[in-house]
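> Below is a structure I'd like to ask you about.
The values are calculated or read from the model by the stated rules, or taken from the named source; none is laboratory data. What you are looking at is a predicted structure, and each value in this text was computed from that prediction instead of being measured. For neighbour counting, all protein chains shown are included, and Cβ atoms are generated from backbone atoms with ideal geometry for every residue, glycine included.
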C-alpha cells in the first residue's frame with residue numbers, strides 16, 4: 001500500500017511551521033520559526049507584526065520542511081492548513097500559501113481546526129491510548145474539557161467562563177515583571193519559591209460541573225502583589241509558586257472528576273500549558289492513585305507546530321474530506 005505524505009502548515013499565532021507526516025504518525029520533518037524574541041519586548045503577541053513575519057518566513061519554512069524530509073514538492077499527496085481558530089491575519093497567510101501550493105501541485109486542500117491538531121499531538125506519539133477518554137485542552141486561548149469517544153469524536157463537557165489558563169499565566173507574569181511567555185516564566189520563578197507561604201483562592205465554581213474560571217485568581221494574585229510593596233524581591237517567587245499551584249490544582253481536580261464520572265481510564269492533555277511540568281507531574285500523581293493513565297505530547301509538540309496539523313489531516317485525506325479552494329479563515333472557534 002502506498003504511503004500517504006501530507007504537508008502541514010500552521011500559522012495561527014506567532015509560530016510559522018511546516019511539517020511532512022507519513023501515514024498520520026510518521027514525522028519526516030517538523031520545522032518551526034518562532035517569533036517569541038520579537039514579541040517579548042511588547043509583553044505579548046502583536047497581531048500585525050505576527051502576520052508580517054509569517055509572510056516573510058513561510059516560503060523558507062515550507063522549503064526547509066521538504067529539505068529536512070528529503071522530498072520534492074511532487075512527492076506529497078495533500079496540503080493541510082490551520083484555518084481556525086487564531087489571529088485572523090496570521091491564519092490568512094498560511095491559508096493563502098496552502099491554497100496556492102495545493103492548486104499549483106494539483107493536490108487536495110485539507111482544513112484543520114487548530115485545537116483538533118493539539119489533541120492529535122498525543123496520537124502522533126502514543127499508540128496505546130484507550131478510548132473513550134477525557135481530554136484537557138489548555139492553552140493561551142482555550143481551556144476546555146472534552147469527552148472523547150474516539151480520536152475524531154469530541155464533546156465539550158466544560159470550558160472557561162473567562163480567561164484561559166495560558167492567558168492568566170501571561171497576564172500575571174507580565175504584572176509581576178517576570179517576562180513573556182508567561183507559562184515558562186512563572187514555572188521558572190515558582191521553582192525558586194514555595195506554594196502556601198501566601199494564599200490564593202482555588203476557583204471551582206460549582207463543584208458538580210466542569211467549568212473553569214481564572215479571572216478571579218488572576219485578580220487575587222495582582223491584588224496580593226500590590227500589598228507586598230517593599231518585599232517584592234523575596235515574595236515574587238512564593239507568589240508565582242502559589243499562583244501556579246492554585247491554577248494547576250483546579251485543572252487536575254476537574255479533569256479527574258470528569259474521568260470518574262465518564263468512567264474512562266485515560267486522560268489526555270493538549271495545548272501549550274500542557275508543557276507545564278508541575279501540571280504534568282500533579283496530573284500523573286493524582287491520576288495514578290485512581291489507576292488512570294495520563295498521556296501528554298512531548299514538549300515540542302505541546303506548542304504550536306505543523307506535525308499535529310499534517311497528522312490529523314491524514315484521516316481527512318483517507319475519507320476524502322477535502323476543503324474547497326475558497327476556504328476561509330475564522331478567528332473564533334466555529335465548533336469543536
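Conditions tested, residue by residue: (1) in the same structural domain as residue 183 (by TED's automatic domain parsing); (2) closer than 18 Å to residue 196 by Cα.
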| site | (1), (2) |
| --- | --- |
| 225 | yes, yes |
| 229 | yes, no |
| 277 | no, no |
| 296 | no, no |
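> Identify, please: which residue in region 186-218 is surrounded by fewer than 15 Cβ atoms within 10 Å (Cβ to Cβ) and over 27 Å from residue 146 (Cβ atoms) and is, among those, nearest to the chain's Cα centre (by Cα)? Before the answer, list the steps.
Keep residues of region 186-218 that are surrounded by fewer than 15 Cβ atoms within 10 Å (Cβ to Cβ), which gives 188, 191-192, 194, 196-197, 199, 201-202, 206-209.
Subset that is over 27 Å from residue 146 (Cβ atoms): 188, 191-192, 194, 196-197, 199.
On the way: 188: 20, 191: 23, 192: 26, 194: 27, 196: 29, 197: 31, 199: 29 Å.
So, considering only residues that are surrounded by fewer than 15 Cβ atoms within 10 Å (Cβ to Cβ) and over 27 Å from residue 146 (Cβ atoms), the one nearest to the chain's Cα centre (by Cα) is 188.
> Quick check on residue 251: is it part of a strand (DSSP E or B), crowded, with 20+ Cβ neighbours inside 10 Å and in contact with a helix residue (DSSP H, G or I) (Cβ under 9 Å, 6 or more places away or on another chain)?
no
> Now for a separate question. Considering every residue within region 45-68, establish whether at least one is under 25 Å from residue 116 (Cβ atoms) and in a loop (DSSP other than H, G, I, E, B).
yes
> Let me ask something else about it. I need the full set of residues from region 56-107 which are touching a strand residue (DSSP E or B) at 6+ places or on another chain (Cβ under 7 Å) and without any contact (Cβ under 8 Å) to a residue 40 or more places away in the chain, in order please.
Matches in region 56-107: 107 only.
> Which of (1) within 30 Å of residue 316 (Cα to Cα); (2) at pLDDT 95 or above is the odd one out, the single condition residue 186 does not satisfy?
(1)
> For region 140-147, check the following and say yes or no: at least one residue is closer than 30 Å to residue 174 by Cβ and assigned by TED's automatic domain parsing to the domain that holds residue 10. It would help to see each step written out before you state the result.
Filtering region 140-147 down to residues closer than 30 Å to residue 174 by Cβ leaves 140-146.
Next, from what is left, pick out any that are assigned by TED's automatic domain parsing to the domain that holds residue 10: none.
No, region 140-147 contains no residue that is closer than 30 Å to residue 174 by Cβ and assigned by TED's automatic domain parsing to the domain that holds residue 10.
> Name the residues in region 1-31 that are out of contact with any helix residue (DSSP H, G or I) (no Cβ under 8 Å at 6 or more places or on another chain) and under 20 Å from residue 271 (Cα atoms), would you? Reasoning before the result, please.
Filtering region 1-31 for residues out of contact with any helix residue (DSSP H, G or I) (no Cβ under 8 Å at 6 or more places or on another chain) gives 1-3, 15, 22, 26.
Residue satisfying the conditions is 15 alone.
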